[in-house]
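As structure tokens, the structure follows; a few thoughts come after it.
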Amino acid sequence: MIRLLAPLARIYRENFWLLVAVTAVVQIPYQILNDWLTGATRRQPPFGSAVRGVQIGHLHLTVLSSWALRGTGWQLLALLLFTAAALPLQLGALTKIVAELYQGRPGSIGAAFGAARSRWLVMLGLALLLVVFLFGCVVALGLLDALLVVVLGVVGVAAAVMLWLAAVVAALLLGMRISVAIPIVVLEPVDPWLALSRSWRLTRGSAWRVIGVLLLLTIGSAVFAGLLGAVGAGLAQSVGGSAGSAGQVILLAETIISSLLLTPIWAAAVVLLYFGLRARSEVLDEHRRGERAGAET
């Protein structure tokens, strides 16, 4: 993990404004649209703003405050369409530019978004594939739980709870195994299914390393976002509360700042994790070829 943190800190420090600029192209309009359509800054507890813009997990899924939706269905549809169109471009651009920087080549915002645009449909296909799979699993699990409760009564309730806990563990393990699918889709000419399959192979035997990196990112992001959210909430209260226009602007600014600072770290960490896993896989493959060649002679 130390071997990943050192280049991550170097890339982030030396290219801070470039990474922030790439992120800002999407995140600033996205967060403004999200805030306008959901009215989240007027309908949440003080610390709620700390998670609105945080990108979580290997796919960097944005936590949408859908519980605060105050308008009609078209508003949610507009937000989802913008999310589907813009966030894959952001992920692709950050992935491409971090990969270039890691390999010692200069990064360019235009080239990064150009590469992301060429792989946009593949990234969207990967996201849809995962959404359909997860939705199917949730529906199947819900039906099975309902059947257990109907057939077994109280015992079925306990069995359903245990089943959901097992499903959560399985989901975390699955997320770990497909954690580098996005870099694979952007940097290698493969389709979504092959990207998932290759991520599964690359993470084989590296479970603890991947889990450690993702857990460290999650904890660090949560702590930073929580502290920044507390500062934002305090400033909002000092100017009349979050219900006022000044408070709303402060909370929105806090969300945008959190997104601009955290999103590049997530993207860079996953890209560096991909390169590390790929290098390990290539070394193992070379070792196996050497052993087969030795056995044949």
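The values are calculated or read from the model by the stated rules, or taken from the named source; none is laboratory data. Nothing here was measured: the structure is a model prediction, and the numbers come from that model. All Cβ positions, even for glycine, are placed from backbone atoms using ideal geometry, and neighbour counts span all protein chains on display.
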(request) Can you confirm whether the stretch 172-185 contains a residue that is free of Cβ contacts under 8 Å to residues at least 40 places away in the same chain and more than 30 Å from Leu89 (Cβ to Cβ)? (result) no
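Residues checked against (1) of a type in the set (A, V, I, L, M, F, W, C); (2) modelled with pLDDT of 90 or more; (3) surrounded by 12 or more Cβ atoms within 10 Å (Cβ to Cβ):
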position	(1), (2), (3)
Ala99	yes, yes, yes
Gly104	no, no, no
Arg117	no, yes, yes
Val154	yes, no, no
(request) Considering only the stretch 88-132, state which residues are of a type in the set (Val, Ile, Thr) and touching a helix residue (DSSP H, G or I) at 6+ places or on another chain (Cβ under 7 Å). (result) Thr95, Ile97, Val98, Ile109, Val122
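The rows are residues; the columns are (1) at pLDDT 90 or above; (2) surrounded by 21 or more Cβ atoms within 10 Å (Cβ to Cβ); (3) hydrophobic (A, V, I, L, M, F, W, C).
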site: Ala171; (1), (2), (3): no, no, yes
site: Gly175; (1), (2), (3): no, no, no
site: Pro183; (1), (2), (3): yes, yes, no
site: Pro189; (1), (2), (3): no, no, no
site: Ala195; (1), (2), (3): yes, yes, yes
(request) Could you figure out which of (1) closer than 30 Å to Arg280 by Cβ; (2) in a helix (DSSP H, G or I) isn't true of Arg204? (result) (2)
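Starting from residues that are more than 26 Å from Ala268 (Cα to Cα) and small (Gly, Ala, Ser), keep the ones in the stretch 1-47 and report whichever is modelled with the highest pLDDT.
If we take residues in the stretch 1-47 being more than 26 Å from Ala268 (Cα to Cα) and small (Gly, Ala, Ser), then Gly39 is modelled with the highest pLDDT.
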(request) With respect to Ala236, determine if the residue is under 25 Å from Phe133 (Cβ atoms) and modelled with pLDDT under 85. (result) no
(message) For the stretch 92-111, give me each residue that is closer than 17 Å to Trp17 by Cα, in a helix (DSSP H, G or I) and out of contact with any Gly (no Cβ under 7 Å at 6 or more places or on another chain).
(response) Ala93, Leu94, Thr95, Lys96, Val98, Ala99, Tyr102, Ile109, Gly110, Ala111
(request) Filter the stretch 110-156 down to residues that are free of Cβ contacts under 8 Å to residues at least 24 places away in the same chain and not hydrophobic (A, V, I, L, M, F, W, C) and give me whichever is nearest to Glu188 (Cα to Cα). (result) Ser118
(request) With the checklist (1) part of a helix (DSSP H, G or I); (2) surrounded by 12 or more Cβ atoms within 10 Å (Cβ to Cβ); (3) not small (Gly, Ala, Ser) in hand, flag the one item Leu143 doesn't pass. (result) (2)
(request) Working only within the stretch 65-82, note down all residues that are at pLDDT 75 or above and either in contact with a Ser or Thr (Cβ under 7 Å, 6 or more places away or on another chain) or part of a loop (DSSP other than H, G, I, E, B) (or both). (result) none
